[in-house]
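What follows is one structure encoded as structure tokens, with my remarks underneath.
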Amino acid sequence: MSGGGAVTYTVWAVLIALPLLAAWLTLDPGLGGARRRIWWAVLAAAGAAALIAAPRVATFSQQELLVFLAINALVVASYRLLALTGEFSLGHVVMMGVGAYATALFSKRLGVPVPVSMLLAAGVTGLVAFILAFPLFRMKGFYFLIGSFAAGEAIRLTWKRFQDPFGGPKGVSRIPGFPDMEVGPFELLFWEPVTYYYLALAVAAASIWVLWRIERSHIGLVFHAVHWQDQLAGAVGVNTWRARATALVVASAFAGLAGALLAHYLTTVNPNRFDVDEMVYVLIWVIVGGTATIWGPIVGLIALTAINEVVLRDAGVDELRPMFYGAVLILAMLFLPEGLETLPRRVAGWLGRGRPAG
């Protein structure tokens, strides 16, 4: 292995370890009080340092991959919020596309400043999700899954059908990029992968913190109640439709924000980027990573991306990605049904059983 290859593997190993350790700290009941706060402070400092340094030691192609990784981290974290209510959707990537198309039209056709158009795009996506909640939440479980797929395909095919304003099958091109800025002596050029990575990372980190706070709030407890005992929750006065609709709207709004980040980085958007194939990958990332904590889907995303984009590509067999993803999904459901996020706890349990008594 070359020196550059060793650095690349080290960077990705660290990126996988960070959310994995965060999930361990969240799930481990033995870490309480001051110890937990100390570990969180150490992990936060180490994580910030690693995330800031990562693009500085990566190649150009890996830097671009880090940009997509930061955006997709927001996608999977927002998808988990909907999963908290017990519903899995096949239209979440299309909601990301709604945000991408909305910000493209706002910024290109109407001349709205890019930061403002991104926020408007998130709002539009939430509004679309609210409208879809009325027919979709007349269904549950498998029927909701199929209904979300049908609704998503209807939206995506609308983009392909109408040349104006959506650009038809070719989509919208020449979308304005995020404006360059001067901060003191520094010039921030957002067309560069490193600079845009820091922007995407900041937006994703702030959004994931908001999602985490929502989960730990009263409404987050309601989401859990609707998931595990929806009839009992309804019997004690919880409006289960409103809870599921709220989760869908908030999750979709953050997915739309991720889509806006993607659109202004690529400066182009087309309907094929938000098809069911992309949604399947998101679903696999979430299932393989786990949904017990907000870190689980991020673990699945980073681990599978690293294996796919680094290991398989270095081995020259990246065309085997569909077979690899299928095999990983089957193995995860057989041996780690609660996701990769439980792996440290399981390893600690195995090591504990192997120690001599006394």
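Coordinate-derived values only; no laboratory data. These figures come from a predicted structure and were not determined experimentally. Counting neighbours? That spans all protein chains shown, and the Cβs are built from the backbone with ideal geometry, glycine included.
Per DSSP H run of at least 4 residues, take -39500 (n - 2.57); add these up for the chain, divide by its residues and hand me the 222 nm value, nearest 500 deg cm²/dmol.
So the calculated ellipticity at 222 nm is -23000 deg cm²/dmol.
Please tell me the relative contact order of segment 62-274 in percent, rounded to the nearest whole number, where contacts are Cα pairs under 8 Å and at least six residues apart.
Relative contact order, segment 62-274: 44 percent.
Starting from the Cα of Trp40, move 7 Å in the Cα-to-Cβ direction to define the label point; list residues of segment 7-28 whose amide nitrogen is under 12 Å from there.
What the label zone holds, given the 12 Å backbone N cut-off, is 25-27.
Residues of segment 322-345 with backbone nitrogen within less than 18 Å of a virtual label 7 Å along the Cα-to-Cβ line of Ala50, please, listed as ranges.
Residues 340-345 fall inside that zone.
How much length, in nm to one decimal, is gained on full extension between Ile131 and Ala6, taken as 0.36 nm per residue of separation minus their Cα-Cα distance?
40.1 nm
Can you quote the Å³ per residue value for the convex hull of the Cα atoms in the chain, rounded to an integer?
178 Å³
Please list log₁₀ I(q)/I(0) at q = 0.11, 0.24 Å⁻¹ for segment 139-252, using the Debye equation with identical point scatterers on the alpha-carbon positions.
Results for segment 139-252 at q = 0.11, 0.24 Å⁻¹ read -0.68, -1.21.
What are the membrane-span-like helices in the chain by this rule: whole DSSP H runs, Cα extent along the axis at least 24 Å, mean Kyte-Doolittle hydropathy at least 1.6?
The qualifying helices are 3-27, 114-136.
Ranked highest first by the average count of other Cβ atoms within 10 Å around their residues, in what order do 244-252, 324-332 fall?
Per-residue mean Cβ counts within 10 Å order the peptides as 244-252, 324-332.
What FRET efficiency, computed as 1/(1 + (r/R0)^6) with R0 = 45 Å and r the Cβ-Cβ distance, is obtained for His224 and Gln163, rounded to the nearest 0.05?
Between His224 and Gln163 the formula returns 0.50.
Hey, can you rank 61-70, 284-293 by average C-beta count inside 10 Å, highest first?
Listed from highest to lowest mean packing, they are 284-293, 61-70.
Once label points are set 7 Å from the Cα along Cα→Cβ at both Asp180 and Ser61, what is their separation, rounded to one decimal in nm?
In this crude spin-label approximation the distance works out to 2.8 nm.
Binned at 10 Å from 0, what are the whole-percent values of the Cα-Cα distance distribution for segment 21-85, short to long?
Values per bin, smallest distances first: 17, 32, 36, 14, 1.
Specify, per residue and in Å³, the volume enclosed by the convex hull of the alpha carbon atoms belonging to segment 62-274.
121 Å³
Summing +1 for each Lys or Arg and -1 for each Asp or Glu, what net charge is found among the other residues whose Cβ lies under 15 Å from the Cβ of Leu301?
-1
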